[in-house]
Amino acid sequence: MTEDWRERLKHLEYPAQNQKSADAEPRPQGQTNQNDAQGNLRDAQGSISDLHDNSESLHQSSSDSPSHLNHSRTNPGESRTDLIPPPQTADTGSSSLSFKASRRGAVEAKRQTKDQARPTSTGSFDVAALTERGQQKPPTSEELLKELERFTIAKLLAAHRKQKLLALAAVAGVVLLIIVTIASNSMNSPELTKWCNRACMLAVPLSLVYGLKEGIRWLMKVQPLTAQKLNSLLGWGDPREIAISYIDTADFVSAEKVLEKACKKMSAKQAKQYISAYGLLGLIHAYTGRTDAADTIIRQAQELSESNYKARQTDSNAVLLQMSLNYRGEFHQLMGQYESAHRIYLRTLQLICTELNPDGEAIVSALANLGHVKNLMGQHAEALTLLVRAHEIGQELPHVRETMKAFVSSNLGTAYRGIGKLDESEGFFHGAIALAEGPLGQRELGRIYYDLARLYVTGAQHDLGLGFYQKSTAAYDTWKPLVNPEYLRVLQDYAYYLRSIEHNDDADLAKKKAQQMQQNLRDINNMNQGVVQKINASIVESVQAVHKPSRFPIFWTLFFMWECYSLWLSGLRVAPYREWALLITAGAVLALKLKTKYGPPSRNELSQGASMALLSMVPFARSALPELSQMSKTGIATFVVLVVGAFGIVKALSVPPNTVPSGLLSVEYERLADRLIDEENYNLAAKAFDKAVVDASNKTKNSIERTKTCRMPLKAQPDAAIQMNMDALKLRQDKENDLAFQKWNECMTKYPDFEQPAVHVAEELLKKSKDAKAAEEILNRVLAKNPNYYDALNEMASVKVAEHDSTASMQYTMKAFKALAGEDDNSTQLMEGAFTKLEKAEKELKARKATQR
């Protein structure tokens, strides 16, 4: 510790106070003879039972997972032997708040014990109740601290660096992808540009979501007020982290509004975020005086977390349960039930020990929580070992928040004071003040001033003690709301201290202020009886659904089988890439669902967040989102690599475009020829047909000859004609219809025996200028040369529709179908019969209309 804080003490200025006996020594407790002091002592003893030893934790870490909630504490403490009467311990039955009447203490303790012994709605029991009944013995803090030794500082630092490196690698990858996309546009590489554009459509939004999220989180640490304003304007950011930033700035009212609004908007897809925010909302209610509502909400959040963890004992569910237990422990602390809070914090630390890769800040928070409650119970030596370890980790990890470090330092000061090392205690307290002087330290500053005042009073340095008492009350005056149980306890202690040093006027003012605040808190709780924000029913259903075994994915099984059949019909080696894409996608989703149903559960689940919300908008990813959320990041990365690898293998082994390779089966050559005809690459299609008939059956040969007759040009066309037609087709695909029309006109003029350009010209005339007569004339010339040309017959049917000649349209459609399927095909006969009936019905309808006229 530096000597800066000692220099500041020399120039400490105090607010105006009655100084007539500021230098007087305090009277020992058993020797106070003044009637006013005795009377005030009797008045105070009923309401300040735990006034200097209560606190709550709102200082967990602020990372993505629910366990990283920031928790702060109120008054570290132990019973002071020189001035303050000893507090009642947690097992004496006085478990109510100081502003509750003391006669309710036994009733509250009895109800609390009964509630703890009763199973929750999910069938889980409170650890404290189980311990008392001899059914379960929690581990000691020493055993847990030894267990935590496997999480060395080097390992925690490596995990933190790994996260940063992954984030930097993701950003670098997206930047590289954007550069490649821009470069491919100037390289005249349409295939590369197409795939780069598709990758950017997915990668860029994900990167923007991640960047905005990390940017607001960084802004929360350096400029919390600015981040809060941005959140109020844009509505962006994690509402829990926004609420924590308000709590750190001692604005519980705004934090309450943020969480109430967020809990109304969250859906079942955000169940874990909802439970964490809902529990924190309950804890904030306890600070604003709504203790009954706080008890209900925190209990419901804990039951949901217990149910979630019971269904799947994964790290993410353990993290959620840790946070819910922290809420319950903090509430017990605020109610003065230190033994219950101690057992809950032990279980929280035990859950951290079961994780594979716990967060470093979560470890610091858990150790600080347990050390803090041990300070409250007077177990300073045990608290010291926990807090020293928390201090060591906190100093080494760069992502631990300053408020958490301040909380650990102030509790170290309390622990050192408890074992009599006042110099060390003073140094840690001033170090905590230096950390808490920023905007995020307002929540801690009043409590640290109060603890330091008690240290100086313990050492009979009443000038400094009185000054820091006044600084503490001035810091609490900035809180929103001003009426809160923590400030009430400080005011009661302050009034008692002033009375002990005979500052009676100031003591009366402080006591009057405390009494008014006590009445206000009682009124707030009474006015809000039964006013509890109801838990979202969809969240409860989502948690309950976890207990139900998942159904067999029959739809995806059938879809996968259908895609296999379609791929077989298309020819495995010549099937279109989209067929393989559908097959791989269906297989991937089916594998995910089968793995989730029959495979072992993953310990490291991927927590739900912005990335999951974005993936929920992707069609196929949406179907597998519940399964993806139950996988670890490593598992998802491995799965993605396998799927992308399958796509790459298929792409590499597929037949190159504009080629007819050797070694294929007859059916594969036939499918390849059909695909080439669809691309209007007729010369290559003719080569594929020639190879298909070599080993084909007679039926297949007849089918090939029929297809060549009706789908291929009557005469073989030069490659230049084929290429000109395909170039025009590419122009139309690129929405260059005018250029394509000119190209087809040129091709039709240059190669009059080529049927397909003439069909396209007729099609464009009918589409653009609605000139059915000109289109019909062109098509008649084509059909005069090749009467069975399928595309010309089909287009002529469209021309007749434009001319409102439905009979002729049906006739041309029937001719096209006969040319394609054959005269003897059963489907042709059925189709011909249907058309005959339609023609007869149309003639009867026309005759009936004529008669009516």
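The values are calculated or read from the model by the stated rules, or taken from the named source; none is laboratory data. Not measured: the values here are computed from a predicted model. We place every Cβ from the backbone using ideal geometry, glycine too, and count neighbours over all the protein chains shown. Ligands, DNA and RNA are stripped out before the accessible areas are found, and what is left, the full protein with its side chains, is counted by its heavy atoms. Shrake-Rupley method; radii C 1.70, N 1.55, O 1.52, S 1.80 Å.
See the values below:
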item	result
Single residue of Glu330, Glu306, Glu339, Glu241 found to be open to solvent by 10 Å² or more (accessible area, probe 1.4 Å), under 20 Å from Ala366 (Cβ atoms) and either over 21 Å from the mean Cα position of the chain (by Cα) or modelled with pLDDT of 90 or more (or both)	Glu339
Residue in the range 761-768 that is open to solvent by less than 60 Å² (accessible area, probe 1.4 Å), farther than 17 Å from Arg732 by Cα and part of a helix (DSSP H, G or I) present	no
The range 669-722: number of residues that are within 16 Å of Asp753 (Cα to Cα), open to solvent by less than 60 Å² (accessible area, probe 1.4 Å) and β-branched (Val, Ile, Thr)	1
Filter result for the condition that a residue is assigned to a helix (DSSP H, G or I), without any contact (Cβ under 8 Å) to a residue 24 or more places away in the chain and among the aromatic types (Phe, Trp, Tyr), over Tyr456, Tyr469, Tyr450, Tyr494	Tyr456
Within the range 403-449, tally of residues that are open to solvent by less than 20 Å² (accessible area, probe 1.4 Å), in contact with a Phe, Trp or Tyr (Cβ under 7 Å, 6 or more places away or on another chain) and not β-branched (Val, Ile, Thr)	8
Out of Met810, Met796, sole residue that is open to solvent by less than 40 Å² (accessible area, probe 1.4 Å), in contact (Cβ under 8 Å) with a residue 12 or more places away in the chain and over 25 Å from Met726 (Cα atoms)	Met810
Residue count, the range 769-785 (criterion: within 21 Å of Arg711 (Cα to Cα) and either without any contact (Cβ under 8 Å) to a residue 60 or more places away in the chain or surrounded by 19 or more Cβ atoms within 10 Å (Cβ to Cβ) (or both))	10
Filtered residue count, the range 379-398, keeping only those that are open to solvent by 10 Å² or more (accessible area, probe 1.4 Å) and touching a Phe, Trp or Tyr at 6+ places or on another chain (Cβ under 9 Å)	3
Any hit, the range 621-639, residues being modelled with pLDDT of 75 or more, farther than 16 Å from Leu594 by Cβ, under 34 Å from the mean Cα position of the chain (by Cα) and among the aliphatic types (A, V, I, L, M)	no
